[in-house]
1. Does any residue of region 129-148 turn out to be in contact with a Ser or Thr (Cβ under 9 Å, 6 or more places away or on another chain), of a type outside the set (Ser, Thr, Tyr) and either free of Cβ contacts under 8 Å to residues at least 12 places away in the same chain or farther than 21 Å from HIS377 by Cβ (or both)?
2. Which ones in region 132-151 are buried (at least 20 other Cβ atoms within 10 Å of the Cβ) and farther than 21 Å from THR199 by Cβ?
3. Scan region 176-219 for residues that are of a type in the set (Asp, Glu) and more than 14 Å from PHE155 (Cβ to Cβ) and jot them down.
4. Give, as residue ranges, the helices (runs of 4 or more DSSP H) completely inside region 236-340 that count at least 3 residues that are touching a residue at least 24 places away in the same chain (Cβ under 8 Å), open to solvent by less than 50 Å² (accessible area, probe 1.4 Å) and within 22 Å of VAL420 (Cα to Cα).
5. What are the residues in region 162-202 that are charged (D, E, K, R), open to solvent by 10 Å² or more (accessible area, probe 1.4 Å) and assigned to a loop (DSSP other than H, G, I, E, B), if any?
6. Which condition does THR199 not pass, out of (1) within 18 Å of VAL420 (Cβ to Cβ); (2) over 20 Å from the mean Cα position of the chain (by Cα), if it passes all the others?
7. Going through GLY63, GLY26, GLY81 one at a time, which residue ends up being surrounded by fewer than 22 Cβ atoms within 10 Å (Cβ to Cβ) and touching a Lys or Arg at 6+ places or on another chain (Cβ under 7 Å)?
8. For LEU347, are the conditions met, namely being open to solvent by less than 50 Å² (accessible area, probe 1.4 Å), closer than 17 Å to ASN131 by Cα and free of Cβ contacts under 8 Å to residues at least 24 places away in the same chain?
Amino acid sequence: MEDCLGNATTVSTQADLAGVNDFINGFLGYHQCIAGVLSVAETSHNGLVHIYAGLLWMLSETGGVPPAAREHARKAQAADGLNAREQLLLHVLLAWLADDMVEVRTTLRAVLTQWPRDLIALKIHQYDDFNNGRALDMLRVTELSLEAAADNAHFQGMRAFAFEQCHLLDHAEEAARKALAIDPQEGWAQHALAHVMLTRGRIEEGLAFLSAHTQEWKRLTSFLYTHLWWHKALFHLSLGQKQAALAIYDRHCWARERTFSQDQAGAVSLLLRLEFAGCDVGARWQDLGAYLVVRKADVSQPFLSLHYLYGLLRAGLPEGKALLAAIRQAAGAEDSSVYTAWHEVGLALAEALSAHAERRFEDVLPWLDPVQGRIEHIGGSHAQRDLFGQLALDAMLRTGADNRAQQILEMRRLATPGDVPANNALATLYASAGLPALAAEATARGKHII
């Protein structure tokens, strides 16, 4: 039987085919149907079903290698008659279990060279590229599927986000529009277009665009559901609508799957941004921190772990200190695939976050400044990593580094002239600097609330 992408499989029953297609549609489209492959795998003897079930467990971001992933790999190895493509996918799973990400990427490219419509291989390659700050590789690997999959909305969404991460915004918007012309509900393309609009300061347009699609998001997995709402909250914050953004946090960003890594990181990020915008978040740090205690030793993905760290420290929990100790250890563990990220960049960011959380604001910039130009190595998108830029700016404003802060704030205002938080900060800065006319101008712009 062929899967829903037209790739030949060794599947021989409708039940197994449904499980395979649930994984494909769920992974590429961030649909909740992705869990269907796990149900099918409970009784299936097909190798591909178990390969996909194992890959799903590897994507679950539990902080280590899930035992279930190893069990599914064992069952896939024991299965009869995998075809050539499936054998390569099994090799991907086994290499990932062995933390050999170089071999994972090499094998994924081999799959795509021979079967360019295997968009699962493309998505996993981009997933690893994204987590390690390789934006150009995210884009380059899509070329292997361009001719064969240009008619697929998920492919165009993946290509759009890769373009956006390479700052090729015109190309990103073009690809996102192609995806949405094929399928107006393609969530990853909506996400890529939201990035473009945020970067270009098209705030009102971005808010209107996302608002028109919110009812579609209920079918999405918790990550993309909460993340699209997170993007909507950023537009509200830029417009000075703090209460609207806070309501999104309560009703959407921290209201689905509170044990999932991406939801936790998004909640930490939005809560801190709300504070930067002058919003009183009450006891939300304590509520959030209670769900982060299980992450006290999780250093598997630096971008995520740094968010866990800040949330734990702001909640005042001892697990924050434990995670900081684990990060310091990871920065010296040369045999780990994430050693370079921790050693070169991540540890300094962790120390800066720790200083800020403990209100040692004078210690933030000495840690942050030396690594600001290399933050992409920890993964995350430009919009997500902007949190560290805002952290640096907050430290400048708190420690009287007004000359530096003024430069950064005006650069931010060039991109988004009506950004309310930037204008409010500039109004305060110019007033204290004895520049009342500029303060009044910024104050007027800072009232841009609709």
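1. Among the residues of region 129-148, at least one is in contact with a Ser or Thr (Cβ under 9 Å, 6 or more places away or on another chain), of a type outside the set (Ser, Thr, Tyr) and either free of Cβ contacts under 8 Å to residues at least 12 places away in the same chain or farther than 21 Å from HIS377 by Cβ (or both), which makes the answer yes.
2. ASN132, VAL141, LEU144, SER145, ALA149
3. GLU204, GLU205, GLU216 - these are the residues of region 176-219 that are of a type in the set (Asp, Glu) and more than 14 Å from PHE155 (Cβ to Cβ).
4. 261-276
5. Selection gives ASP183, ARG200, ARG202.
6. Single failed check for THR199: (2).
7. Only one candidate qualifies: GLY63.
8. Here the answer is yes, as LEU347 does meet what is asked.
The values are calculated or read from the model by the stated rules, or taken from the named source; none is laboratory data. Just so it is clear, the model here is predicted, and its values are computed rather than measured. As a convention, Cβ positions derive from the backbone with ideal geometry for all residues, glycine included, and neighbour counts pool all protein chains shown. For the accessible areas, the whole protein counts, side chains as well, though only heavy atoms, and no ligand, DNA or RNA atoms are used. Shrake-Rupley method; radii C 1.70, N 1.55, O 1.52, S 1.80 Å.
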